[in-house]
Structure formats: structure tokens, C-alpha cells
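Presented below is the structure to which this report refers.
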Amino acid sequence: MKRILVAIKRVVDYNVRIRVKPDGSGVITDGVKMSINPFDEIALEEALRLKEKGIVEEVLAVSIGTADCQQQLRTALAMGADRAILVQTDAVIEPLDAARIFRALCERETPLLAILGKQAIDDDCSQTGQMLAALWGRPQATFASKVEINGDVARVTREVDAGLETIEVDLPAVITTDLRLNEPRYVKLPDIMKAKKKPLDTLDPGALGVTPVERLKPVKFEPPPVRAKGVMVKDTQELIDALRRKGLA
Amino acid sequence: MNRILIVGEHDGSRLNPAIAKCVTCARGIPDAEITIAVFAADPTAVAADAATVAGVDRVVTVTHAIHSNALAAAIAPQLAELAAAYTHVFGPSTTFGKDLMPRVAALLDAPQVSDLMAVESATRFRRPIYASNAITTVAAAEGSKIIATVRIASFEAAGVSVAPAPIEAVTVAAEPATHTRFISVSSARSDRPDLQTAAKVVSGGRALASADNFGILFKLADKMGAAVGASRAAVDAGYAANEMQVGQTGKIISPDLYLAFGISGAIQHLTGIKDAKTIVAINKDPEAPIFEVADIGLVGDLFQIVPELDRLLG
């Protein structure tokens, strides 16, 4: 069966204003709203559209993390994923280990595409998709804003610093999503009910041959430096005067 | 001795200015010996550029026809092979570096420090997380190879050296992957300064209300010798091109002057401008969050203020 594997990361909701714990040991996540990483939602939406076009038959949503990630996988199933796998662990999973887990699953599930968000909005690493592509020995098309599948190749438009780049990759391949690839659908109530019956399997990383390793130890967390309070000017002339005093105009 | 390999991003003829900032970052590592690697179909001009960046000890070139366009899948196996002789492998936090470096890290089974913003030691670095709402310090194990993308807004460019570093052509055994093919790139090439390295940036938000209206910002920018940026809202609405987006998921910039017109200042946008030396905000809404970070604020209608600025700066 032709399928797409989609990565779903549970992250602090993008509307939450993050605060660092007073002891610098991390950021406050207790009682904070959690959501699917917005880029992963776009990844899932793209997979669902490719399924609706008849290019694949199945969309598999995969998350890595604590048992709480089941919430985000249920949301993914409600959006339209056919089944889900939670690789359950309480360990901190660095991108390289996430990639090793996804690689093991790609070898098992042989998807046509693995679609991931271009970055997670918590650690902002932007690594996992590219690492998966390397370990899996397959092409990568990162920061995608348009995806077309033609037989055994994908033509992907990428948002790069210079503008829009188009590349062609042999399938299977890894795609990471940028903001403008699509607009994810809203979940409807009946779909939430239906999603409860869809399969959600739980696996241990060890079952995939992966033992998580801490390669980069987080030593401390700090709030960012605060900018000094600025001044308000009342009109354009005052603005120009202020800029001239700073030697900027 | 720490041996640092920096991948020399280029456009075929010139070294990307971000690389001189990566060199400054690398010079922060104690006892550093710095090499720039250039992968190109014809590396001559770019290598000559790289050799004059102050602090660079050596430039190595890998010539292959496939490198006429930069493809991560083609460069990664060759860069990973070269990396064997180095303790650190750095690339810029541009879309090129972000695409390439994790692929190299995975091939080397090494961790990557993304958006490295400060060097504390050869194995200890600071980087932003949560859209720069927190800064974390990370430490790699001694002896571990370290891959990083360098947050270019955090470093000044290294100067130009009068005595160019030696350039050496090297051969690598790893063949570039051919499963990825470049088709085309479309960009609004212009004579305006590059957004990521410009000293002055004029930027617009959704309040511009149309792509045509962005024209007044381009006009002002040209008078000021500034680059033009945009908020995500303006790009999503189709008023500005994607490569103009400034913010967490767009470009992170550090100009001397950032002029924000009709940008409310979502945290994701502020992430992209926090390193600007002077931020000027012009907005109709006195409660707009952009005023919290602005050094100079002006409440008013941009459609009146932009032409006034244009005229008075004349």
C-alpha cells in the first residue's frame, strides 16, 4: 500500500508566551496549552491532500514523546490520518534520535514520502527532516511551498533566501513544509468521534533499535535580554531629527 | 588545537557575506584554525573571495559539475568526508546552511547546534529557542565532533585580509548523490541591498493593504539605500515576496536601522528584528506590541508618513 508518513510533534501552543523557570532549569510548560507543531499540521494537510488526489492510500501519523502525545495524534486522526503510532518515551529526544526513530519506521513502513515540519516551534532546531533523509539515504526537499507528484518523482518548490527554488527528487523522499504550502483544515466534531476508533499503536524506541543519547546537554535556560524602553515622537519631522541624532539619516 | 571547517556558501561567483560572520563566530573558539570549503563547478572566483576573509587559514575547493547549483544531497557526502579532519563544521543559518548542515551531522553521527549565537568554549554554546523567547546554553561532550549553523545576526563580519590564505584543490572519494536535481530558481533580483546583510531595512506589514502600496516602501528604501522586508501577514496576503519575510520562520536580521511600517509586532516577527541596533515603529495603533521593542515610535498613518519621510529626507 502506498502511504505517507507524517511527523507530529507535541509543542507549546504558538500563542503561549513562554517563560523561563526562575531556577533556569527549563521553560514553564506546566498547565500550558499544548498543540500540534504548526508546521506538522501543514505536513499532515499536504499528506491528506495527496491521498485525496489518489496518489497514496494511507496517511500514517507518528509522534515521539510522552503518553500525552496521544492527544495530538488523536487530533491528527480526526483531521484525517488513517492510523497513528506513538513512539513512547519520557527521555528528551534530540533531533538525531528522532531521525533514527523515523528512519527505522520508514524502513518498516516503506512510505512514498515522509513529510515533516521544517522546524518545531519549541526548540527551533530545523534538523530532523534533513537528518532522516541522510540516514534513510534518500533525497530531501526542505522548506516546501508546493509539491507535485509525477510517477516516481516529486517536483518541489522551496522557499529559499533568494526566492523560490524548484527541485526534482526521486521517490521515496523526505519533504519538510514551509508556511505557505497549504492551510490546514479544521477538525469537525463527527471526525473527533470517528478518530477514537482509528488505530493508535504504541511502541518503545528500543523496539525500533534506538536508545536515545544525550549529545548536547542543556546547561541552563535564560530569558532573552530586554531592550531598553524607547521614545515616542509626535511627527515625521521629529522622527527625522531623532534619526539624525543617531547618525541614521 | 580546534580545527574548524566552514562551508563557503556562494552564488557561483561571490562568497555569501554571511560567511565572514561565520568566520567571526569560529574565531571565538579558543586555538582555532579555520578552513573554508568551497564546492563549485568552478570555484576560482569564490575561493579567491574566501581567501581574503580575515582569520581564515586555508581555503579548500572541491570541483564538480553538479555543484553548479547548491544541493544539500550533492554536497553533504563530500563535506562529511572532508569533516573527518576537523573538530567543528559550521555553516550559516541561511536556507542553504539549514538545508545542508543537518544532513552532514547525521552522516557524521554528530549533534548539531542550530542558530549558534555565542561561543562560550570549544564545546559550549548559546542558542535561542521558542522564537528567541528563551536562550539556552548547551554543552557537547569533549571529543564529540560539533556541527553548527551560525546565527549570522549575532556576529559582525570579519574584515578583509591583506595576505590571502592559501587555496588548495582537494579531491574526495564520495560521489554526490544524483537523486536530487535542480530545476530552476525565481527571484526578484534587484540592485537593492541584500535583506540579510543590509545596514538599513524598511519593512511593511498588512497595513500596506496591497502589493501596489508596497511601492511607496520600495521608493523610500531606494532613497535611503535600504533593503525591503515584510511581515508574515504581508507575505501571506500576497503583498510581498516570500524572500522578504522577516521573523522566526523567515529571515533573522540585524541592521543598524529597522523601520517598521504598519507592522503590529507578533512575537514571531520580533524574533527576526531583536538584534537590530535601532528599531523605528510607525503604526496607527498606539497599543501595537511593536512599540514595546521600538527605540523610536511614531503613532500615525503610514500612507501620510512614508511620503513625508521620502520628501524630507531628500
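Exactly one residue out of B:Ala288, B:Ala281, B:Ala266 is at pLDDT below 95 and either surrounded by fewer than 18 Cβ atoms within 10 Å (Cβ to Cβ) or farther than 20 Å from B:Met117 by Cβ (or both): that is B:Ala266. Filtered by the rule that a residue be out of contact with any helix residue (DSSP H, G or I) (no Cβ under 8 Å at 6 or more places or on another chain) and part of a loop (DSSP other than H, G, I, E, B), segment B:1-41 gives B:Met1, B:Asp11, B:Pro17, B:Gly28, B:Ile29, B:Pro30, B:Asp31. A:Thr142 meets all of the listed conditions (1) modelled with pLDDT under 95; (2) assigned to a strand (DSSP E or B) but one, namely (1). Only strands (runs of 3 or more DSSP E) whose full extent lies in segment A:17-108 are considered here, and the ones with at least 3 residues that are touching a residue at least 40 places away in the same chain (Cβ under 8 Å) are A:58-65, A:83-88.
Within segment B:185-198, can one find any residue that is surrounded by fewer than 18 Cβ atoms within 10 Å (Cβ to Cβ), within 17 Å of the chain's Cα centre (by Cα) and assigned by TED's automatic domain parsing to the domain that holds B:Thr24? No, segment B:185-198 contains no residue that is surrounded by fewer than 18 Cβ atoms within 10 Å (Cβ to Cβ), within 17 Å of the chain's Cα centre (by Cα) and assigned by TED's automatic domain parsing to the domain that holds B:Thr24. Picking from residues in segment B:94-110 that are over 17 Å from B:Cys25 (Cα atoms) and open to solvent by 10 Å² or more (accessible area, probe 1.4 Å), the one that is farthest from the other protein chains (Cβ to nearest Cβ) is B:Leu108. Per the conditions (1) in the same structural domain as B:Asp109 (by TED's automatic domain parsing); (2) closer than 16 Å to B:Gln245 by Cα; (3) open to solvent by 70 Å² or more (accessible area, probe 1.4 Å), the sole criterion not satisfied by B:Arg206 is (1).
Scanning segment A:177-202 for residues that are at pLDDT 95 or above and within 9 Å of another protein chain (Cβ to nearest Cβ) yields a count of 1. For segment A:205-214, indicate whether the set of residues that are away from chain B (no Cβ under 14 Å), farther than 22 Å from A:Leu105 by Cβ and touching a helix residue (DSSP H, G or I) at 6+ places or on another chain (Cβ under 8 Å) is non-empty. Taking every residue of segment A:205-214 in turn, none turns out to be away from chain B (no Cβ under 14 Å), farther than 22 Å from A:Leu105 by Cβ and touching a helix residue (DSSP H, G or I) at 6+ places or on another chain (Cβ under 8 Å). Annotation for segment B:65-75: no member residue is surrounded by fewer than 19 Cβ atoms within 10 Å (Cβ to Cβ), more than 20 Å from the chain's Cα centre (by Cα) and facing chain A (nearest Cβ under 9 Å).
Given B:Ala70, B:Ala134, B:Ala148, which one is over 20 Å from B:Glu33 (Cα atoms), among the small types (Gly, Ala, Ser) and touching a residue at least 12 places away in the same chain (Cβ under 8 Å)? Can you show your working first?
Values: B:Ala134 fails: touching a residue at least 12 places away in the same chain (Cβ under 8 Å); B:Ala148 fails: over 20 Å from B:Glu33 (Cα atoms).
Result: B:Ala70 is the single residue among B:Ala70, B:Ala134, B:Ala148 that is over 20 Å from B:Glu33 (Cα atoms), among the small types (Gly, Ala, Ser) and touching a residue at least 12 places away in the same chain (Cβ under 8 Å).
The values are calculated or read from the model by the stated rules, or taken from the named source; none is laboratory data. Keep in mind the model is a prediction, meaning the values are calculated, not measured. Neighbour counts are summed over all protein chains in view; Cβ atoms, including those assigned to glycine, are modelled from backbone coordinates with ideal geometry. Accessible surface is based on the protein model in full, side chains and every heavy atom, while ligands, DNA and RNA are left aside. Shrake-Rupley method; radii C 1.70, N 1.55, O 1.52, S 1.80 Å.
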